[in-house]
1. Inside segment 189-246, can you point out the residues that are assigned to a strand (DSSP E or B) and modelled with pLDDT of 95 or more?
2. Residue 35: surrounded by fewer than 22 Cβ atoms within 10 Å (Cβ to Cβ), among the hydrophobic types (A, V, I, L, M, F, W, C) and without any contact (Cβ under 8 Å) to a residue 24 or more places away in the chain, yes or no?
3. Name the pairs whose Cβ atoms lie under 9 Å apart, with the first residue in segment 123-150 and within 16 Å of the ligand (Cβ to nearest atom), the second charged (D, E, K, R), and 6 or more positions between them or separate chains?
4. Can you find, within segment 23-41, the residue that is nearest to the ligand (Cβ to nearest atom) among those that are charged (D, E, K, R) and assigned to a helix (DSSP H, G or I)?
5. Those residues that are in contact (Cβ under 8 Å) with a residue 40 or more places away in the chain, more than 16 Å from the ligand (Cβ to nearest atom) and within 30 Å of residue 218 (Cα to Cα), I need them from segment 42-66; list them, please.
6. Within segment 155-164, work out how many residues are crowded, with 16+ Cβ neighbours inside 10 Å and under 16 Å from residue 135 (Cβ atoms).
7. If a residue must be under 24 Å from residue 68 (Cβ atoms) and either over 19 Å from the mean Cα position of the chain (by Cα) or of a type in the set (Lys, Arg) (or both), how many such residues does segment 210-246 contain?
8. Take the residues in segment 67-91 that are free of Cβ contacts under 8 Å to residues at least 24 places away in the same chain and assigned to a helix (DSSP H, G or I); name whichever of them is surrounded by the most Cβ atoms within 10 Å (Cβ to Cβ).
Amino acid sequence: MSAMNEDLTDFHTHILPGMDDGAKDLEESKRMLEALKQQNVRTVCLTPHFYPYKETQEAFLERRQEAFSPIQPYAGENGIRLVLASETFFNDYLFRSEDILPLCMKDGEGKYYLLTEMPFDSAFSDRTVNRISKLMDTYSVTPVLAHIERYPKLVNDKKLINRLIDLGCLMQINLSAFQKGFLLKTKLLRYIRENMVHVVGTDAHNTEKRPPEYSVGISVIRKSLGEDAVLQLSRNAQQIVAGCLI
Ligand SMILES: [Fe+2]
């Protein structure tokens, strides 16, 4: 096993207990962290859903802190570094916040990154692209678009992905996508090879139906593109969270 494997990062998880539709209690959270550890994941980003139209940011952050407190010592004892962030739903309600930086990840240079969930029916129209641009200008954040493979309008439009990257966005995919058919797998591998995918995660919600399955997807990437591709994805993730590791 290469040294590299010691530092894998799961960029997208719903492990915080009782926080959203993810882990239901502390025991399940611990099992999910343990499963990731078994797969050599040493950094876990906690990214609970935040829906700005459902609750205030203050209420969300308070709930997040409560859910985080009991999980932190367990992670520490097990050599897992945590990142406390969010998967924030993108719509106009988000712009009501004065300051969205507490929802974000932070790199070593103090730059902020928001794991951004687009509406699944988004047409990714010019208006949407302009709104994403406005988000960046208003709050000085870099959107990391979550699980881009789940948006047909986006994942099948290479030009659009590149337009968003040129704008300053980053792209995240779920590793489970590599188990969902040859065409999608081939497309995502090409995107990784062309640096159009920047980070990967399990988007794990529980131990059964949406488990923390990291290694199968990573093995596909490693086998098809080589260790360097895995190394690059890991470096990208480590860079984004360098300023907010707990
Ligand atoms: Fe998610």
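1. Those that are assigned to a strand (DSSP E or B) and modelled with pLDDT of 95 or more: 199, 200, 201, 204.
2. So residue 35 fails the test.
3. Qualifying pairs under 9 Å: 145/117; 146/87; 146/117; 146/203; 147/117; 147/203; 149/180; 149/187.
4. Residue satisfying both the conditions and the ranking: 28.
5. Result: 43, single match.
6. 1
7. Residues meeting the conditions: 1.
8. Checking each candidate, the answer is 76.
The values are calculated or read from the model by the stated rules, or taken from the named source; none is laboratory data. The structure displayed is predicted, hence computed values, not measured ones. Cβ atoms come from the backbone with ideal geometry, glycine included; neighbour counts cover every protein chain shown.
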